[in-house]
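The values are calculated or read from the model by the stated rules, or taken from the named source; none is laboratory data. In this text the structure is predicted, and so the values were computed from the model without any measurement. Glycine gets a Cβ as well: all are built from the backbone with ideal geometry, and neighbour counts include every protein chain shown. Surface accessibility is based on the protein's heavy atoms, side chains included, excluding ligands, DNA and RNA. Shrake-Rupley method; radii C 1.70, N 1.55, O 1.52, S 1.80 Å.
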Amino acid sequence: MWLVSYLQPLWIAFGVATIACAGWAVISGRAKYLAVAGVCLLLGAATFGADWYVVTEAEKVEAHIDELAAAAVAGDTEKVLSFLSPTAVLPRTSVAFGFNLVTIEDDLRLTDRSTEVTANDTQALSDFRANGTVRVPQLAGASKHFATKWQLVWRKEAGEWKITEVRRFNPITGEPIGLLDRM
């Protein structure tokens, strides 16, 4: 099924070009160049495979951010709280209170991401922007589009990445603001 995509014409052209180059190399007596090209192609494929196979701790944390965002959009408070450390009392309380007030629409976009892992892969710091629509059911379903900037402090607890601290920033000035403050 991977061949059936917008890249299908590219794959077909690549295959035809490969066959044409192989035929030309054999007929002209330059098969050694074909062998070198084949080795380079295999090395490139191996590099791509290694990059796909090896998952760094920073990539694991970024995957958790995607799961966290999906849970927030779904309104699954328990799933969102499962990403928070039991010792992170203020963020846990803020999240539980915030989900009682608002719902996050499915137009949520995460951008401007960066993750830095430190302390022998036991701590991480993630920065990202979250833009989307927030709806307040208690106010007749009033909604507003928000642009926010976040920083999450992660710690590995019992082999799992957990959020220990949540920081929110003004997306324009970069100044810290409270988790539940209006902009």
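In the context of the full set of protein chains, residues of the chain present 67 Å² of accessible surface per residue (probe radius 1.4 Å, heavy atoms only).
Excluding residues fewer than 8 places away in the same chain, name every one of the aspartates and glutamates whose C-alpha is closer than 12 Å to that of Lys60. The qualifying aspartates and glutamates are Glu116, Asp121, Glu160. Using the Cα coordinates of the stretch 75-164, the gyration tensor eigenvalues translate into equivalent-ellipsoid semi-axes of 27, 17, 9 Å, sorted from longest to shortest. Using a Gaussian network model of the chain whose springs link C-alpha atoms within less than 10 Å, name the residue from Val16, Val95, Val36 with the highest mean-square fluctuation. Most flexible of the set in this elastic network: Val16.
For the stretch 80-153 and the stretch 156-183, what is the separation of their Cα centres, given in Å? Distance between centres, Cα-based: 7 Å. The helix-only estimate of mean residue ellipticity at 222 nm for the chain, built from DSSP H runs of length n ≥ 4 each weighted as -39500 (n - 2.57), is -14500 deg cm²/dmol after division by the residue total. Using a probe radius of 1.4 angstrom, the carbon and sulfur fraction of the accessible surface of the stretch 57-177 is 54%.
When 1/r is averaged over all different Cα pairs and the result inverted, which Kirkwood radius in Å belongs to the chain? Don't jump to the answer; show the numbers that get you there.
Details: mean 1/r = 0.0495 Å⁻¹.
Value: 20.2 Å, from the Cα pair sum.
Label-to-label distance for Gln138 and Ile27 is 7.8 nm, based on points extended 7 Å past Cα in the beta-carbon direction. Subtracting the Cα-Cα distance of Glu175 and Arg113 from their residue separation scaled by 0.36 nm leaves 20.5 nm.
Could you pull out the longest piece of the chain with no exposed loop trypsin sites (Lys or Arg not before Pro) in it, calling a site exposed if DSSP puts it outside H, G, I, E, B and it has at most 16 other Cβ atoms within 10 Å?
Between exposed loop sites, the widest span is 31-181.
Listed by chain and number, the lysines whose alpha-carbon sits under 25 Å from that of Lys144, ignoring those within fewer than 8 places in the same chain, are Lys79. Under 12 Å of direct C-alpha separation, and excluding same-chain neighbours fewer than eight residues apart, Lys149 reaches these aspartates and glutamates: Asp112, Asp127, Glu175.
Counting only Cβ charges, +1 for Lys and Arg and -1 for Asp and Glu, the dipole size of the chain around its Cα centre is about 320 debye.
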